[in-house]
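The values are calculated or read from the model by the stated rules, or taken from the named source; none is laboratory data. Note that the structure is a prediction, hence the values are computed from the model and not measured. Note: ideal-geometry Cβ built from the backbone for every residue, glycine included; neighbour counts use all protein chains shown.
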Number of protein chains: 2
Amino acid sequence: MELPDGRINPEYYVLEYPTWINVTAITKDGDMILVRQFRHALGQTNFEIVAGVVEKGEEPLEAAKRELLEEAGYGGGEWKELAVVSANPSTTTNLTHCFLATGVEKVSQQHLDATEDIEVYLFKKEEVKEMVHKGEFVQSLMLVPLLKYFSGI
Amino acid sequence: MELPDGRINPEYYVLEYPTWINVTAITKDGDMILVRQFRHALGQTNFEIVAGVVEKGEEPLEAAKRELLEEAGYGGGEWKELAVVSANPSTTTNLTHCFLATGVEKVSQQHLDATEDIEVYLFKKEEVKEMVHKGEFVQSLMLVPLLKYFSGI
C-alpha cells in the first residue's frame, strides 16, 4: 500500500478506526430516509443511508440515534441491529454496527458539523430496492443492511 | 485517523488501493466454495469467498478466474458480474468487482503465494445462506454478492 507521501507500507499495516454505525431508517409513513454526501476518495456523490462514528463513551445504538437526528432530524421509532460487518478485516480494525429503525418521525432540523453538507431524501421502499438492484449504492457497509432488510436473510 | 506511528491524518487522507475482485463460486455439483484465512487487523479467521487483487494489465474478470484457480484449484464454468462495490468511498479509491461463477470444476491444486495459508471448503448453498443469516461472514465486500446471489435482488 502506498501512502500519499510516497512511503510504502508492508502488508501488516493496520488502520485503526473507531467503531462505525449506519441506519436503515423507515418513517411512520413507510418511506426510507436516504442522504447524499460527496465522497472524496471516489470523487462521487451517491445516495447513502445515514452513517457515522461512535464517539468515546457512546454505545453503537446511541451513536446511531444521534446520527439519524443530526443528519436527518428524525427520531423515535423501534430500533434493532441488522448486522455487524467489517469494511476490510485484513486492513481495518473496526466494525460497523448496522441498525434498522422503523416508525421514525421528523422531530427537528438537521444539526450538521461544519464540514458536513448532507441532503436528506424520502424514497418509497420499492424504489430503494430497485436502486439496490441496479447498483446505485456503491458502499458495501450500507448495501449489506439494505440487502438484509429487503431479503429477510 | 491515527496511523501506527502516531501521526494524525486529516480527513482528506485517501488510501490508494488497486482494484479488488471476489468470486461467489458454485461447483458443477451445486456446492459453494469457501476459504478460510487469518485476517490480521481483526485478528480472526473467518469463512470467506475467494478474493484478491487485480494485477497490472489484467481485467477484473481475468483476475477473478486466476484467483479462483490459485486459491482453490477450480476453473471453467459460466461467469458474470454480480456487483461493483466500494469498501469505503470516503477513504479508499478502489472498487471491488464481485463475480458469480457457476459450474466450476476442480482442475488443479492450489498455487499459493509464499505468504498465503488458505484452506478450501465446499458447503451446501443452504448452509452458506444460513451462515449469512447468522452473521458468520463479517466482510461487507463479500456479504454483498452473497446476499445478492441468495436474494436475487
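List of remarks:
- Options A:Tyr149, A:Tyr74: the member that is in contact with a strand residue (DSSP E or B) (Cβ under 6 Å, 6 or more places away or on another chain), within 12 Å of another protein chain (Cβ to nearest Cβ) and aromatic (Phe, Trp, Tyr): A:Tyr149
Matching residues to (1) touching a Leu at 6+ places or on another chain (Cβ under 6 Å); (2) of a type outside the set (A, V, I, L, M); (3) free of Cβ contacts under 8 Å to residues at least 60 places away in the same chain:
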{"residue": "A:Leu100", "(1), (2), (3)": "yes, no, no"}
{"residue": "A:Gly103", "(1), (2), (3)": "no, yes, no"}
{"residue": "A:Val107", "(1), (2), (3)": "no, no, yes"}
{"residue": "A:Leu112", "(1), (2), (3)": "no, no, yes"}
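- If the condition is being buried (at least 17 other Cβ atoms within 10 Å of the Cβ) and away from chain B (no Cβ under 14 Å), then the stretch A:77-90 contributes A:Gly77, A:Trp79.
- In the stretch B:56-70, the count of residues that are under 15 Å from the mean Cα position of the chain (by Cα) and within 14 Å of another protein chain (Cβ to nearest Cβ) is zero.
- Test for B:Glu70: is it part of a loop (DSSP other than H, G, I, E, B) and on the phi < 0 side of the Ramachandran plot: no
- Breaking point among (1) under 15 Å from B:Trp20 (Cβ atoms); (2) buried (at least 17 other Cβ atoms within 10 Å of the Cβ); (3) at pLDDT 95 or above, for B:Glu58: (2)
- Test result for B:Phe47, among the aromatic types (Phe, Trp, Tyr), surrounded by 14 or more Cβ atoms within 10 Å (Cβ to Cβ), more than 14 Å from the chain's Cα centre (by Cα) and under 20 Å from A:Ile153 (Cα atoms): no
- Any chance A:Val128 is more than 9 Å from every other protein chain (Cβ to nearest Cβ), in contact with a strand residue (DSSP E or B) (Cβ under 8 Å, 6 or more places away or on another chain), not hydroxyl-bearing (Ser, Thr, Tyr) and not in a loop (DSSP other than H, G, I, E, B): yes
- Here the stretch B:132-153 is the region considered, the condition is being crowded, with 22+ Cβ neighbours inside 10 Å and polar (S, T, N, Q), and the residue that is modelled with the highest pLDDT is B:Ser140.
- Any hit, the stretch B:92-99, residues being over 19 Å from A:Leu95 (Cα atoms), in contact with a Pro (Cβ under 7 Å, 6 or more places away or on another chain), within 14 Å of chain A (Cβ to nearest Cβ) and at pLDDT 95 or above: yes
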